[in-house]
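Undergrad: Handing you this structure, nothing more for now.
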Ligand SMILES: [Ca+2]
Ligand SMILES: [Ca+2]
Ligand SMILES: [Ca+2]
């Protein structure tokens, strides 16, 4: 651990229990470590495998290096470099065909002039921009065009790209500039086509017309008509269970927020996708449940999240929508524009809120290498802060947690008194104030659900249920998250006040999400 921190200058982002730590991974040359900061990587991850994002890039880079090396060795005898790369390039194009909704048109192919211009612009770009785009799309100027194109010339690029393998993400939310959002536009790459009379669920995404189960179609219709949230399938399908979980989180967990046809300006789309990474078969992405993309106001749910037990879906969806809520504290047109243009985040109101619970932002200078003008890598976030919690840095907390883990072992780790008395929920919650807050939302929700059983279940049985729920269901998905540690934390009063659960909703959720998994407890009277 010490060795690791020394090598990385203290910017340890991999979490203490990740086996990869032993190798002492260093940050790759190029953009400074701020880009890997956890803030705006609001993915609800498996707590056992945190920090892997910095590994991805290393692996990607060594992979590219390996291809080049093999190609050099074998050039002339049927190069595996080419076939590997072709496969990769093919995946990029398949992914573009699902970027807004399943089977959307592909972008218009570049003209010769566009290709030449883009080659020139890449050649003239800042070195860090040039090397990243060349790594992401090796020898593929057509993809360079898509990554740098601004179809309607409004200054917002058509796409953002994931820094990990370059998966294309929605950038300009109406890229052809015809006034219809991409996701509602039957022809998102054609300003002269795809318009509708009014912004409605389009044919290509309408579950009613696709013959989905009536309950799913009703949920999609209600969330869109009343709350302006579109449920949309991209590379993966919704399940009836997931649609129900989404519906219950919006209309019950956040009932007060969405009451009276309420909307959240920072949540527009909830989409299902196979993976956060380009290749769904890539194990590295397999532990991602879901993620919020603030620029396009989208919550993406991945395979792990789609297949998770319903009560886990309830938890990570509440966590992710809490991120949309965090962004909404400071939402206005100008801030949204800054996020969409360059991923610049300013969140004074949210920081003031978490400041009441021990979080202190420390202003830092952004490195020049975080400025991208040619294209927009998603995880390069311009957030001019690092954070202290109870006056200790994230690295100090991580080292402290790791020492306790080493001392008492996995079994007793999160029940250790030093951890419980500070109401620490787990490793991920100490990666920054954003995840800390969202993890407390899960804990608050689960505790409210369990407590709602008070009228039908004696305290000892409820406590036993809580233990089994924690150790069997929750720890099965998130081994380093213990919601019970939230009991007594100061922020719980804020959450109760901000998101008041009605007794009817709390007991409905307990019944349908917890007791269906643990039916031996608390029989109804
Ligand atoms: Ca544009
Ligand atoms: Ca459009
Ligand atoms: Ca159009």
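Just so it is clear, none of the values below were taken in a lab; they were calculated from the coordinates. In this text, all values refer to a predicted model and were calculated from it rather than measured experimentally. All Cβ positions, glycine included, derive from the backbone under ideal geometry; neighbour counts span all protein chains shown.
Undergrad: If I take every Cα pair under 8 Å that is 6 or more residues apart in segment 270-328, average their sequence separation and divide by the length, what percent do I get for the relative contact order?
TA: Value for segment 270-328: 34 percent.
Undergrad: FRET efficiency for residue 283 and residue 203, Cβ-Cβ distance as r, R0 = 45 Å, nearest 0.05?
TA: Rounded to the nearest 0.05, the efficiency is 0.80.
Undergrad: Could you sort 239-248, 359-368 so that the peptide with the highest average Cβ count within 10 Å comes first and the rest follow in order?
TA: Values: 239-248: 20.0, 359-368: 12.8.
The peptides rank, most packed first, as 239-248, 359-368.
Undergrad: Show me the ranking of peptides 267-274, 145-152, 467-474 by mean Cβ neighbours inside 10 Å, starting with the highest. Please list the in-between numbers first.
TA: Working: 267-274: 23.5, 145-152: 20.6, 467-474: 16.8.
So the peptides 267-274, 145-152, 467-474, ranked by packing, come out 267-274, 145-152, 467-474.
Undergrad: Classify segment 276-379 as rounded, prolate or oblate, taking a ≥ b ≥ c as the square roots of the eigenvalues of its Cα gyration tensor: rounded when a/c is under 1.5, otherwise prolate if a/b is larger than b/c and oblate if not. The partial results should precede the final answer.
TA: Values: a/c = 1.99, a/b = 1.30, b/c = 1.53.
Since a/c reaches 1.5 but b/c is at least a/b, the shape of segment 276-379 is classed as oblate.
Undergrad: When a footprinting reagent is the concern and you count Cβ atoms within 10 Å, what order do 228, 462 take, fewest first?
TA: Going from least to most buried by this count: 228, 462.
Undergrad: Now for a different question. Quick check: residue separation of residue 83 and residue 472 times 0.36 nm, minus the Cα distance between them. What number comes out in nm? If you can, show how the numbers build up before the last one.
TA: Numbers: separation 389, 0.36 × 389 = 140.04 nm, distance 4.43 nm.
Separation in residues times 0.36 nm, less the Cα-Cα distance, equals 135.6 nm.
Undergrad: Next up: Rounded to two decimals, what is the ratio between the C-alpha radius of gyration of segment 445-497 and 2.2 N^0.38 Å?
TA: 1.18
Undergrad: Of all the C-alpha pairs in segment 254-327, what % are more than 15 Å from each other? Can you show the working numbers first?
TA: On the way: 1530 of 2701 pairs.
Tail fraction, whole percent: 57.
Undergrad: Right, another one. Over all directions, the average projected area of the alpha-carbon convex hull for segment 422-525 comes to how many nm²?
TA: Working: hull surface 26.2 nm².
Mean projected area of the Cα convex hull: 6.6 nm².
Undergrad: Could I ask something else about it? Going by Cα centres, segment 225-270 and segment 424-444 are how many Å apart?
TA: Comparing the Cα centres of segment 225-270 and segment 424-444, I get a distance of 22 Å.
Undergrad: Once you wrap a convex hull around the alpha carbon atoms of segment 333-399, what is its projected area averaged over all directions, in nm²?
TA: Average projection, Cα convex hull of segment 333-399: 5.6 nm².
Undergrad: Give me 176, 154 sorted ascending by neighbouring Cβ count inside 10 Å, so fewest comes first. List each step's numbers first, then the result.
TA: Values: 176 21, 154 11.
Going from least to most buried by this count: 154, 176.
Undergrad: Moving to a separate point now. Cα-based Rg (one decimal) and Dmax (whole number) for segment 84-184, in Å?
TA: In order Rg, Dmax, the Cα atoms of segment 84-184 give 13.3, 40 Å.
Undergrad: Here is a follow-up. Can you tell me the Rg and Dmax of segment 331-460, counting just the alpha carbons, in angstroms?
TA: Cα-based Rg and Dmax for segment 331-460 come out at 18.9, 62 Å.
Undergrad: Shifting gears a bit: Of the beta bridges DSSP finds with both residues in segment 185-312, what % are antiparallel, to the nearest 5?
TA: 35
Undergrad: What fraction of the Cα pairs in segment 106-253, stated in percent, has a spacing above 28 angstrom?
TA: 35
Undergrad: In addition: When DSSP beta bridges are limited to those with both residues in segment 332-454, what percentage is antiparallel, rounded to the nearest 5?
TA: Within segment 332-454, antiparallel bridges account for around 90 percent of the total.
Undergrad: Oh, and also: Could you work out the relative contact order of segment 198-323, using alpha carbon pairs under 8 angstrom and six or more residues apart, expressed as a whole percent? Intermediate results must be reported in sequence, preceding the final value.
TA: Working: 173 pairs, mean separation 28.6, N = 126.
Here the relative contact order equals 23 percent.
Undergrad: For residue 511 and residue 332, calculate 0.36 nm times their separation in residues minus their Cα-Cα distance, and state this gained length in nm to one decimal.
TA: On the way: separation 179, 0.36 × 179 = 64.44 nm, distance 3.87 nm.
60.6 nm is the gain from fully extending residue 511 to residue 332.
Undergrad: May I ask you to sort 490, 411 by Cβ crowding, counting other Cβ atoms within 10 Å and putting the fewest first? Let's see the in-between values first.
TA: Values: 490 10, 411 7.
The order, fewest Cβ neighbours first, is 411, 490.
Undergrad: What FRET efficiency, computed as 1/(1 + (r/R0)^6) with R0 = 25 Å and r the Cβ-Cβ distance, is obtained for residue 349 and residue 396, rounded to the nearest 0.05?
TA: 0.40
Undergrad: Taking Cα pairs under 8 Å and at least six residues apart, what relative contact order does segment 360-508 come out at, in percent?
TA: Numbers: 119 pairs, mean separation 33.7, N = 149.
Over segment 360-508, the number comes to 23 percent.
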